[in-house]
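Here the structure is laid out as structure tokens; the discussion comes afterwards.
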Amino acid sequence: MSVPLLKIGVVLSTMAMITNWMSQTLPSLVGLNTTKLTAAQGGYPDRSTGVLPANPEESWQVYSSAQDSEGRCVCTVVAPQQTMCSRDARTKQLRQLLEKVQNMTQSIQVLDQRTQRDLQYVVKMEDQLRGLETKFKQVEENHKQNIAKQYKAIKAKMAELRPLIPVLEEYKADAKLVLQFKEEVQNLTAVLSELQQELGAYDYDELHSRVNNLEERLRACMQKLACGKLTGISDPITIKTSGSRFGSWMTDPLAPEGDTRVWYMDGYHNNRFVREYRSMTDFMTTDNFTSHRLPHPWSGTGQVVYNGSIYFNKFQSHVIIKFDFRTSSISKSQRLDNAGFSNSYHYAWGGHSDIDLMVDEGGLWAVYATNQNAGNIVISKLNPLTLQIVRSWNTNHPKRSAGEAFMICGTLYVTNGYSGGTKVYYAYHTNSSTYEYIDIAFQNKYSHISMLDYNPRDRALYAWNNGHQVLYNVTLFHVIRSEEL
């Protein structure tokens, strides 16, 4: 292999490292990531969650920072409602706010150090890219006697590398934003110190208005950071070995903070009992559970628990049922018109898996097939309250040829099988109504997957693999441009 091609390999490998860092490390550092599950010592998953305050009216809160229209970073501060007139009470609240800002300053310093370290690698890579371009130009000038085919090959490789330079420029801009954020936090600390000495000198109404505006922009930024394109799936983490060959298990992505209940359903038909475990730890270490009896047996393994209710396909029908665990009753049922059922259009492994319900960052989805679409997969966005179809997309992928499927950020990802060697090889993007063939490795440890679903809160895939309950972490790639913040 020639030296230019080796350098291209190094560049692409380095970009993969940056991609993984941007999707996992950076969001977790700034506190905008959703919960991540990893295997701790003994195979236990470690869960850490960054959340906004439950009641911002009771105390001062510092959330994050964002940019104003002139590109400057502004820290977000939520002041309490003006219900206290006491000078001592205000002094105490300001002191607490000052302490929180100081803690945030320490976090920013750590983030700044790591960003500067990684920026050195980016700058080095940029120099290598530009050096490679210079060498290509020298080849073009000094070796015009080269065969036309070889010349075109070099130009093609250069065309592959040029798009990477703007990505590096975006990363450098993000590093500058982190530095500006650090400076703004330092400025805010000084202002708060002066304000603590001179109470009543600040316009609280103006502060509330600015905070509300920045909070809206922060939430929009968090939505952007939460989504991305799937670029990798981790090795499996075996949580438990239990049940039959087929089944499903999950947690509720919209459960309140601290609610880590696990929901467990063994089998793919002729069963209506759902197990509730109090926590992931209880699920892993004990067999203590509460049993809920559904009014109808389910079909397949496509059930999903979402915002306190379970959504499932009624056995031998194309009816979707929403069962509320809080009231132990059916809150809604709706027919999924034209959807195949009773093993008409199942996944490759069978098991009455005609209708698969899923949840991602955008809400509730149904994946199925119809005669009208020649047995190919249909994706429908559902209203979780009424179960009415909001919009549908017809794909060109046969349902029976799919091993399993899951939704992430509005994209349906399909595996090429359910047993033996498996990979994610097809993606349909609902935001653009386009599809592509991909190649993402997926380790099928126990050789028979009958359930595979994504949890947007945990940013993990839940799988039932031949009587084993398994988790996979995912890597998502996204680029947030500064003008979008």
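We did not get these values from a lab; they are worked out from the coordinates using the rules stated. The structure displayed is predicted, hence computed values, not measured ones. Glycine gets a Cβ as well: all are built from the backbone with ideal geometry, and neighbour counts include every protein chain shown.
Using DSSP to define loop residues, name the trypsin sites (Lys or Arg not before Pro) in segment 398-481 whose beta-carbon has at most 10 other beta-carbon atoms within 10 Å. Before the final figure, lay out the partial values.
Values: sites: Lys399, Arg400, Lys423, Lys445, Arg457, Arg459, Arg481; in loops: Lys445, Arg457, Arg459, Arg481.
Answer by residue number: Arg481.
For Gln138 and Leu254, the difference between the fully extended length at 0.36 nm per residue and the C-alpha to C-alpha distance is 36.0 nm. Amide H contacts under 5 Å for Glu361: Cys409, Gly410, restricted to partners 5 or more places along the chain or on a different chain, H placed in the peptide plane at 1.01 Å from N.
If you take the beta carbon distance between Asp337 and Asp235 as r and set R0 to 41 Å, what does 1/(1 + (r/R0)^6) give as a FRET efficiency, to the nearest 0.05? After rounding, the FRET efficiency stands at 0.50.
By how many nm would the segment from Asn371 to Ser401 grow when fully extended, if each residue of separation counts as 0.36 nm and the alpha-carbon distance is taken off? If you can, show how the numbers build up before the last one.
Values: separation 30, 0.36 × 30 = 10.80 nm, distance 1.55 nm.
Taking 0.36 nm per residue and subtracting the Cα distance, the gain is 9.2 nm.
Local charge sum around Tyr413 (other residues, Cβ-Cβ under 13 Å, Lys/Arg +1, Asp/Glu -1)?
For residues surrounding Tyr413, the net value is -4.
How long are the three semi-axes of the equivalent ellipsoid of segment 286-424, in whole Å, if each is the root of 5 times an eigenvalue of the C-alpha gyration tensor, listed from largest down? Write out the running numbers ahead of the final one.
On the way: eigenvalues 114, 62, 45 Å².
Each semi-axis is the square root of five times an eigenvalue, giving 24, 18, 15 Å.
If I model a spin label as a point 7 Å beyond the Cα along the Cα-Cβ vector, how far apart are those points for Ser279 and Gln316 in nm? Output for this residue pair reads 4.3 nm. Taking the Cα centre of segment 278-328 as origin and assigning +1 to Lys and Arg Cβ atoms and -1 to Asp and Glu Cβ atoms, the resulting dipole is close to 180 debye. Measuring r between the beta carbons of Gln443 and Met158 and using R0 = 60 Å, the FRET efficiency lands at 0.95.
Compute the length gained on full extension between Glu436 and Thr286: take 0.36 nm times their separation in residues and subtract their Cα-Cα distance, giving the result in nm to one decimal. Please report the intermediate quantities before stating the final value.
On the way: separation 150, 0.36 × 150 = 54.00 nm, distance 4.32 nm.
Full-extension gain reported as 49.7 nm.
Kirkwood radius and radius of gyration were both taken over the C-alpha atoms of segment 380-485, and their ratio Rg/Rh is 0.99.
Amide H contacts under 5 Å for Ala460: Asn455, restricted to partners 5 or more places along the chain or on a different chain, H placed in the peptide plane at 1.01 Å from N.
Placing dummy labels 7 Å off each Cα toward the beta-carbon, the span from Gln186 to Asn383 is 5.3 nm. Rounded to the nearest 0.05, the FRET efficiency derived from the C-beta distance between Lys124 and Phe477 at R0 = 25 Å is 0.75. Electrostatic tally near Arg391: other residues with Cβ closer than 15 Å to its Cβ, Lys and Arg +1, Asp and Glu -1, net -1. Net charge in the neighbourhood of His318 (other residues with Cβ under 13 Å of its Cβ; Lys, Arg +1, Asp, Glu -1) is -1.
Close amide H pairs (under 5 Å, H built 1.01 Å from N) link Val304 with Tyr311, residues at least 5 positions away or on another chain.
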